[in-house]
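Step one of this worksheet: look at the structure below.
No lab work stands behind these numbers, since they all come straight from the coordinates. If you're wondering where the values come from, they're calculated on a predicted model, not measured in any experiment. Glycine also receives a Cβ, built like all others from the backbone with ideal geometry; neighbour counts cover every protein chain displayed.
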Amino acid sequence: MLLMRDLSFRYKIPLRAAVLVVVTALSVTGAILVSEYDNVRKTVFASGETLAGVLTETLREPIRHDDVWRSYEIIRAPLDLPEAGANLALIVDPLQRVFVSSRPDEVRMQTPISVHGQEFERIADVMVEAERGWASGPENSEALRIVEADHYYVIAPVLADGLLLGSLILRYPKDMHWPRFIEIGQRAGWITLGVLLLLLPLSWFWGQRMAQPMVDLAQCIRKAGRRIPEESECRLYESEDELGQLSRRLREMFVSLREKEALERQMMSSERLAAIGRLAAGIAHEVNNPLGGMLNAISTHRRHGEMSPRTERTLDMLERGLAQIRDTVSALLVEARPEGGLLGPDDINDVRMLVLPAVQRKGANLRWDVEIDSTVAVPATPVRQVLINLLLNASQAVGERGQLHLRLREYAGRLELAVGNDGDHIPAERLERLFEPFQDVIDGGGTLDGGRQGMGLWITYQIVRQLEGRIDVESRPGWTEVSVSIPLQYADGGTQ
Amino acid sequence: MRRRFLKQAVIAPLALAGTGNAAASRQGSAPLRLGLTPVFLVQRARLLEQWRGYLGNAIGRPVEFVLRGSYQEITTLLLSGRVDAAWICEYPFVRHDDALRLLAAPIYRGEPNYRAYLIVPRDDDTTDWIEDLSGRLFAFSDPDSLSGYKLPRYWLREGGRDPDAFFARSILTWSHRNSIRAVADRLVDGASVDGYVWDMLERISPEVTARTRVVLRSRPYGFPPIVTPAGLSLRTSHRLREAFLAMADEPDGQLILEALGLDGFAAVEPSLYDDVRAIADVMEA
């Protein structure tokens, strides 16, 4: 039974259907057998009474003449027929002794009937009563029907002018049912087998159909043990039944789990970036103070001291090195100063002019999708820098004769911009650390931002953050798009 | 079905009577009526029909067989002249030999005699003699039969027994053949029958006789004879006797004799039945 419980629904459902068919067949056959049993019994009694009626009429004279032989011939004749059914006929005198029987070797004449087994003992008792009734008048000549353990009995009186001459007993074996029962049973068996042969493939098919969504659901849930499966990995059943509802809930659960996972990743990444930012700013401040001192010292020395050409070269070298350190540190310490005016169409055209040569070098096509025809309330300088950085990155990434796309518009109190290209997409593991500084150097790949040693996206990120905006990257094979959303700034300096 | 059956039943005797009448008108005389008793296997209708035709041709006059349920009925018909001849048991013959004329007797196994057989069911291997059947069930054939009734009772009387009280129950079967069946079916424990009938039945239905055992074969008695009423014309009587006696010489007659299991018919003297007469005297005393 445990085995049955562990079985897949794929097998359980057809098996149950088969059991159902067998149970139905058995109960129908049982009902037929019961009614057949009843019918045979009724038929036995009806034909027994008919036969008894004829025989008692014919027997009247021979019994009156005490003619055993003729009586014997009369009761033997119908019982010798193969379809007779009865296996014994007896004539019993009013003293319940055998006058003659159709099987004298079994039931001898002159013997009391009660010596011939328990059934006849009981019949003898019943007959005492019945004989009294038969003798009471010609209207009471009803035959008796008796059911005993192994036989049916029909007992009819032989009456002559109201006088009871004797009784005729016909005995029918109960097992005469058996051939008919076996025949019905066999026929029912064949029909059941036929129905099973017909229904099993059908129920198999139904079982498979019913079980498949459950099997799919189970497989999908099993996958979720390791990670949240993608929408395309799970074949879930769509309907309004319980299974459909379950599938929908599961899908909804997966969607929210995926969202939660993405959010967590994003939070981790922005926390990391913030930490890096804080670290970088700290280092930059610490480095900048001695650096300023060192540069001042060099400058003072240059102004007041005499220098040999050799010292001159050494100081030049020191100054260039320190200047490079300052540049790098100031790049780390991005500051989007809201200097200058707000972003206007001219600024955007300038950006276009600046990036066009890089685009043309690749022979790429730039789609300029700008829906701005007046000043937008965002600071022009940092936004210009963001645009230039992203466009230059994109023109680096785009393939020969590829597609570049800029979309820029004002929407719902924000400036929305997106830069896309059809170059090689960025693999997921790189995507997570895309905005961290020196990424190109760490990855060992070429620089994406025109020689600034992987600082372009870091700077862009820092600027967007300082403008209280949001930056996202979406990269799939054939298309990579960076989208930025910056809230508009108003006269009071706050954001909406 | 029943209607058709009734119709046939009605037509059959008419047809028989019709042929009889045709023969009668051709011969210009009424049919000769010959009574038969179950001293042989009267159930063999085809054989009887052949025999009837044969005898009719032989005497130049149609023959009609008359069958009745008991010896008594045939004897009565014979004595009152309503049959012209009959094949009867020798016991009624010796009882009425003053009114009857002995015509011929069958020759069976070379002599005009037969024996009575005392039979019991096959599985009874203890009974040796009729007195072993005391308090048992016994079948008699016909109260006028020598072998089937008078002889066993004679045996009992000779043994000092009362034949009416000796058996627990005795039944009448009205023919030797039925008595043999009654023993074979174990309806009764014993019976005395005409040995010739038992032999014939063994030839025709061996499965019946096989269920019986012959305990005793009696001494020979004169075979049941063909008799006529004393009043029958001598001419007819003579022609009939000649017809019987000639059967053994005619091919058709031989076929019938062969089927009857007899060698032929012969003229016999009434003294052949003296032994029977002696028994009758004892039994009627």
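Taking every residue in A:94-102 and counting other chain Cβ atoms within 10 Å of its Cβ, the average works out to 1.
Each residue, B:D164 and A:L488, gets one label point 7 Å from its Cα in the Cβ direction; the gap between the two is 15.0 nm. Summary of packing: across the peptides B:187-194, A:117-124, the per-residue average of other C-beta atoms within 10 Å ranks them, highest first, as B:187-194, A:117-124. Across the protein assembly as shown, Cα-Cα distances exceeding 35 Å account for 72% of all pairs. You can think of it this way: the chain between A:R320 and A:E429 has 35.5 nm of extra reach, that is 0.36 nm per residue less the Cα-Cα gap. With helices as the sole contributors, chain A gives -20000 deg cm²/dmol at 222 nm; each DSSP H run of n ≥ 4 counts as -39500 (n - 2.57), and the sum is divided by every residue. In the calculated pair-distance distribution of chain B, the portion above 29 angstrom amounts to 36 percent of the Cα-Cα pairs. Under a plain spin-label model, where a point goes 7 Å from the Cα along Cα-to-Cβ, how far apart in nm are A:V54 and B:L67? Placing both labels 7 Å along Cα→Cβ, they lie 2.2 nm apart. Cys residues of the protein assembly as shown that find no other Cys beta carbon under 4.7 Å: B:C89. Taking amide hydrogens as placed 1.01 Å from N in the peptide plane, the amide H of A:N365 sits under 5 Å from those of A:G402, A:Q403, A:L404, each at least 5 positions away in sequence or on another chain. Per-residue shielding of A:63-72, expressed as the average number of other chain Cβ atoms within 10 Å of the residue Cβ, stands at 5. Its relative contact order, with pairs defined as Cα atoms under 8 Å and 6+ residues apart, puts the stretch A:122-263 at 11 percent. Counting only DSSP beta bridges with both residues in the protein assembly as shown, the antiparallel share comes to about 80 percent. Rounded to 0.05, the FRET efficiency of the A:Q118 and B:H96 pair, given R0 = 60 Å and the Cβ-Cβ distance, is 0.60.
Volume of the convex hull of the stretch B:116-218 (Cα atoms only), normalised per residue: 80 Å³.
If R0 equals 35 Å, the separation of the Cβ atoms of A:L20 and A:R226 corresponds to a calculated FRET efficiency of about 0.35.
Across chain A, the mean sequence separation of Cα contacts (distance under 8 Å, 6 or more residues apart), normalised by length, yields a relative contact order of 10 percent.
For the pair A:Y37 and A:V215, the difference between a 0.36 nm per residue extended length and the Cα-Cα distance amounts to 59.2 nm. Annotation: peptides B:219-228, A:70-79, A:142-151, ranked by per-residue average of other Cβ atoms within 10 Å with the highest first, follow the order B:219-228, A:70-79, A:142-151.
Looking only at chain B, where both bridge partners belong to it, what percent of the DSSP beta bridges are antiparallel (to the nearest 5)? Roughly 60 percent of the beta bridges in chain B run antiparallel, per DSSP. Across the stretch A:340-487, the relative contact order, built from alpha-carbon pairs under 8 Å that are at least six residues apart, equals 23 percent. Inter-chain Cβ neighbour count for B:162-171, averaged per residue, equals 2 (cutoff 10 Å, partner chain atoms only).
Debye sum, Cα scatterers, the stretch A:340-487, no solvent: what log₁₀ I/I(0) at q = 0.14, 0.15, 0.17 1/Å? Those come out to -0.63, -0.73, -0.95, one per q. Peptide packing for B:151-164, A:232-245, A:17-30 was compared via the average number of neighbouring C-beta atoms within 10 Å per residue; ordered from the highest value, the list is B:151-164, A:17-30, A:232-245. Measuring from label point to label point, each 7 Å out along Cα→Cβ, what is the A:I298 to A:V128 span in nm? Distance between label points: 14.6 nm.
For a paramagnetic label modelled on B:S205 (point 7 Å from Cα along Cα→Cβ), amide N atoms under 13 Å away belong, within the stretch B:39-65, to B:41-45.
Grab the beta carbon distance between B:A45 and B:E242, set R0 = 30 Å, and tell me the FRET efficiency rounded to 0.05. With R0 = 30 Å, the Cβ-Cβ based efficiency is 0.70.
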